[in-house]
Amino acid sequence: MTSPSTEYALSLLASLADAGVRDVVLSPGSRSQALALAAAEFEIAGRLSVHVRIDERSGGFLALGLAAETGVPSVVITTSGTAVANLHPAVLEAHHSGVPMIVVSADRPSEMRGIGSNQTTVQPGLFASAVGWVRDVEAPRSGPVDHEAVRTLAREAVAEALGGDSHGALGRSRGPVQLNVAFREPLSSGEQSLPAAHPAPVEVAPLVAPSALEVDVDPATLVVAGHAAGPEAEAAARALGAPLVAEVSSGARFGPHLVSSYRALLDDADFGGRVRRVVVFGHPTLSRQIPSLLTRGGVEVVVVRAAGAEAYDPGRSARVVEAVEVDRASSGVGSTDDAAHRTWVGRWVHTGRRLLEAEAEAEAESEDAADGPGADGTAEGSAGRTEAAEQAEFLRREVQLLRRPVTRRALAEALWRVSWPHDRLVLGASRLIRELDQIVPGKKIPVHANRGLAGIDGTIATATGIALASQRDDPAAGTTRVLVGDLTLLHDVGSMLLGLGETRPRLQVVVGNDGGGTIFDGLEVAATASPEAMTRVQFTPHEVDLSALAVAYGWQYVEAATRAELDQALVARYDGPVLIEVPLSR
Ligand SMILES: Cc1ncc(C[n+]2csc(CCOP(=O)(O)OP(=O)(O)O)c2C)c(N)n1
Ligand SMILES: [Mg+2]
């Protein structure tokens, strides 16, 4: 005998799979048993990938990572009560960064709500304005399931998560939706017969009309690419004859217009001071210079709406458009290859590059000085040396360099150097993403970061989702590397737990361990507040043995204290996930 709960669960999962869903993340629970058991059957049948996590917080961010990589809404199934609320951080991040996700929360039927029933709270609407679409489905009753109605509901959920309505028109931004489903006893039956597959993936065509952008006659436009801006930003910069400021997770950090050391240039009256128009793609979050430019008087701001819920408009004065199309004709500027545009872009690009080189040299010199006299091979003078002696000196210096402890800059450079377009790079919030943003050159590496709300939570789970989806879908996919601070790792350490039977991700977690949150050492108040208080409540020191954590979770562990060890650790082959600890000084 089968139960209405199981019949409904089978119909719902079949419909979600037909609508294009590929990944289901679930955590154990009683009220959700019909959904979980049905999901297991669909996985056996090869119609869905199922990922099981004990902690719904991990499950939520895993679903976010899977969807960020595939672009397809992932489904996350929970039981009732606090289990649902544990998804809240991931749901908020998905809302603000525009990642499609379908929460399927199991609930008590109406007769059991509002009377103090065990594990029962008000679940529909729990996520408030972070979900744009919520349905509260009544508990299925005995009798045949209305498959057509379930199919319509599933298609609507997928379409809404993708930012469209079920007719394919674009209504709102991408993001999370909630399907709350009540179940009555019996909560499931062992017998499962899967409905046949009728694949018809929901497609949402973004029906956006591009707005025309005129090329300026006297060049004064700057293109800013914030998080997830995508390659359109780079193309627009070229078409407009404008320099390109592209954050490290913009997906637009490449091309001939890319500007290095943009912070210093934006602060400079001769560069930032001359900008009269800014075209913003994506969601900029990493510097104070960009919001300050966008709020300055006399600067026209055009914002191309990004995937997240809110358009980035710090001055509340931007012209927000859905897409842009560069129009050379109406401004009378036939080509941006004229002297004026070439000079405008060239100054930004060349000066930025020189600044970056100068900074790198200054850092190398200060390290040489710290190594002591003669360390750089120049103190003794090279006059009269034989070629062999010079070569020996050069090698000695190289070896010395490789034995040096790893600085944040060296860590950022090493990670960028070893990563290629077939790899994935995930960057946690805090100092290290800013370090990369300040120094790494252009390169087409897929970079992800949870910049919707820039939380330090869920980073390991998000990276796991990206690793699992990329290694499944792309036979050429390389390694996923996630760079985190120590507190960011410890916040999400539970996501290192991979139960038996779970696919092990090809993941390197690279943790820059400085014993606490050193980002707060840079707060203005650190200059005047008591150092003890700052350490206790902001830095939050710890002495966790990370190697023991790796052992506990069955991960490999490598300590990389020098640059040579780091280079080796990043390119070594591992069987499954690895934790690479890089000691950093506070
Ligand atoms: C969920 C959440 N809680 C708190 C914060 C505030 N926060 C930002 S950075 C940070 C410390 C990060 O420390 P760590 O990961 O060690 O990086 P470090 O700055 O030391 O490189 C905290 C607590 C946040 N962004 N998200
Ligand atoms: Mg730290």
**Prompt:** Counting only heavy atoms of protein chains, what accessible area per residue, in Å², does the chain have with a probe of 1.4 Å?
**Reply:** 43
**Asked** How large is ³J(HN,Hα), in whole Hz, for each residue of segment 459-474 in order, when computed from phi with the Karplus curve 6.51 cos²θ - 1.76 cosθ + 1.60 and θ = phi - 60°, using x for Gly and Pro?
**Response** 6, 5, 5, 4, 5, 4, x, 5, 5, 5, 5, 5, 6, 7, 8, 10
**Fill in**
Simple SL model, points at 7 angstrom along Cα→Cβ for M112 and S530; separation in nm is 5.2
**Item:** Label-to-label distance, nm, for residues given as Q391 and R342 (7 Å Cα→Cβ offset)
**Value:** 4.4
**Fill in**
Rounded to the nearest 10, the angle in degrees between the Cα long axis of helix 231-240 and the longest principal axis of the Cα atoms of the chain comes to 50
**Request:** Work out from phi, with θ = phi - 60° and the Karplus expression 6.51 cos²θ - 1.76 cosθ + 1.60, the ³J(HN,Hα) of each residue of segment 302-311, listed in order in whole Hz, and give x for Gly and Pro.
**Result:** 10, 10, 8, 4, 9, 5, x, 5, 10, 6
**Asked** If Lys and Arg each add +1 and Asp and Glu each add -1, what is the summed charge of the other residues whose beta carbon sits under 14 Å from the beta carbon of L498?
**Response** -1
**Request:** Show that you can apply the helix-only estimate: for the chain, add -39,500 (n - 2.57) for every DSSP H stretch of four or more residues, divide by all residues, and state [θ] at 222 nm to the nearest 500.
**Result:** -10500 deg cm²/dmol
**Request:** List the pair-distance distribution P(r) of segment 139-276, using every Cα-Cα distance, as the percent of pairs falling in each 10 Å bin from 0 up to the bin containing the longest distance, rounded to whole percents.
**Result:** 10, 24, 22, 16, 13, 10, 6, 1
**Request:** Percent of Cα-Cα pairs per 5 Å bin, from 0 to the last occupied bin, for segment 1-134, please list those.
**Result:** 2, 11, 21, 23, 22, 14, 6, 2, 0
**Item:** Whole-percent carbon and sulfur share, accessible surface of the chain, 1.4 Å
**Value:** 53
**Request:** Among A154, Q556, V525, flag the residue with its Cα farthest along the positive direction of the charge dipole of the chain, charges on Cβ as +1 for Lys/Arg and -1 for Asp/Glu.
**Result:** A154
**Asked** So how far, in whole Å, is the C-alpha centre of segment 259-278 from the one of segment 446-464?
**Response** 29
**Prompt:** So what's the angle, to the nearest 10 degrees on a 0 to 90 scale, between helix 88-97 and the longest Cα principal axis of the chain?
**Reply:** 60
**Prompt:** Given C-alpha coordinates of segment 267-408, what is the ratio Rg to Rh with the Kirkwood estimate of Rh?
**Reply:** 1.19
**Prompt:** Which order, highest average first, do 281-292, 304-315, 554-565, 54-65 follow once you tally other Cβ atoms within 10 Å for each residue and take the mean per peptide?
**Reply:** 54-65, 281-292, 304-315, 554-565
**Item:** Pair V399, H350: separation of 7 Å Cα→Cβ label points (nm)
**Value:** 4.2
**Request:** Return an integer: the convex hull volume of the alpha-carbon atoms of the chain, in Å³ per residue.
**Result:** 190
**Complete:** Expected vector for segment 59-74, Karplus 3J(HN,Hα) from phi with 6.51, -1.76, 1.60 and θ = phi - 60°, integer Hz, x for Gly and Pro, equals x, x, 6, 4, 4, 4, x, 4, 6, 4, 6, 8, x, 9, x, 9
**Asked** How much length is gained on full extension from S129 to A548, taking 0.36 nm per residue of separation minus their Cα-Cα distance?
**Response** 146.8 nm
**Complete:** Taking only protein heavy atoms and a 1.4 Å probe, the highest-to-lowest accessible-area order of Y8, Y574 is Y574, Y8
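Between R296 and A561, how high is the FRET efficiency from 1/(1 + (r/R0)^6) when r is the Cβ-Cβ distance and R₀ = 35 Å? Nearest 0.05.
Plugging the Cβ-Cβ distance into 1/(1 + (r/R0)^6) gives 0.20.
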**Prompt:** What is the antiparallel percent of DSSP beta bridges lying wholly in the chain, to the nearest 5?
**Reply:** 5
**Request:** Figure the gain on full extension for A209 and D270 (residue separation times 0.36 nm, minus the Cα-Cα span) and round it to one decimal in nm.
**Result:** 18.4 nm
**Request:** Count the net charge of all other residues whose Cβ sits under 11 Å from the Cβ of E234, scoring Lys and Arg as +1 and Asp and Glu as -1.
**Result:** +2
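Compare S430, S249 by solvent-accessible area with a 1.4 Å probe and give them largest first, with all protein chains kept in place.
Largest accessible area first, the list is S430, S249.
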**Message:** Please give me the summed charge of the neighbours of L10: other residues whose Cβ is under 12 Å from its Cβ, Lys and Arg +1, Asp and Glu -1.
**Reply:** -2
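Fully extended, how many nm does the chain gain between R316 and T2 (0.36 nm per residue separation, minus their Cα-Cα distance)? Write out the running numbers ahead of the final one.
Values: separation 314, 0.36 × 314 = 113.04 nm, distance 5.70 nm.
That pair, R316 and T2, stretches by 107.3 nm at full extension.
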**Item:** Cα-based convex hull, segment 252-308, per residue volume (Å³, whole number)
**Value:** 99
**Alpha carbon Rg of segment 196-303, scaled by the compact-globule rule 2.2 N^0.38 Å** = 1.25
**Item:** Inter-centroid distance (Cα atoms) of segment 324-353 relative to segment 1-76, Å
**Value:** 50
**Asked** At 20 °C and 1.002 mPa s, what whole-number value in µm²/s does Stokes-Einstein give for the translational diffusion of segment 480-543, with Rh from the Kirkwood sum over Cα pairs?
**Response** 156
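Pop out the Kirkwood hydrodynamic radius of segment 456-572 from its pairwise C-alpha distances, inverse of mean 1/r, in Å to one decimal.
Result for segment 456-572 stands at 16.0 Å.
The values are calculated or read from the model by the stated rules, or taken from the named source; none is laboratory data. Predicted, not measured: the structure shown is a model, and the values here were computed from it. FYI the Cβ positions are ideal-geometry reconstructions off the backbone, even for glycines, and counts take in every protein chain you see. We work out accessible area using only protein heavy atoms, side chains counted, and drop any ligands, DNA or RNA first. Shrake-Rupley method; radii C 1.70, N 1.55, O 1.52, S 1.80 Å.
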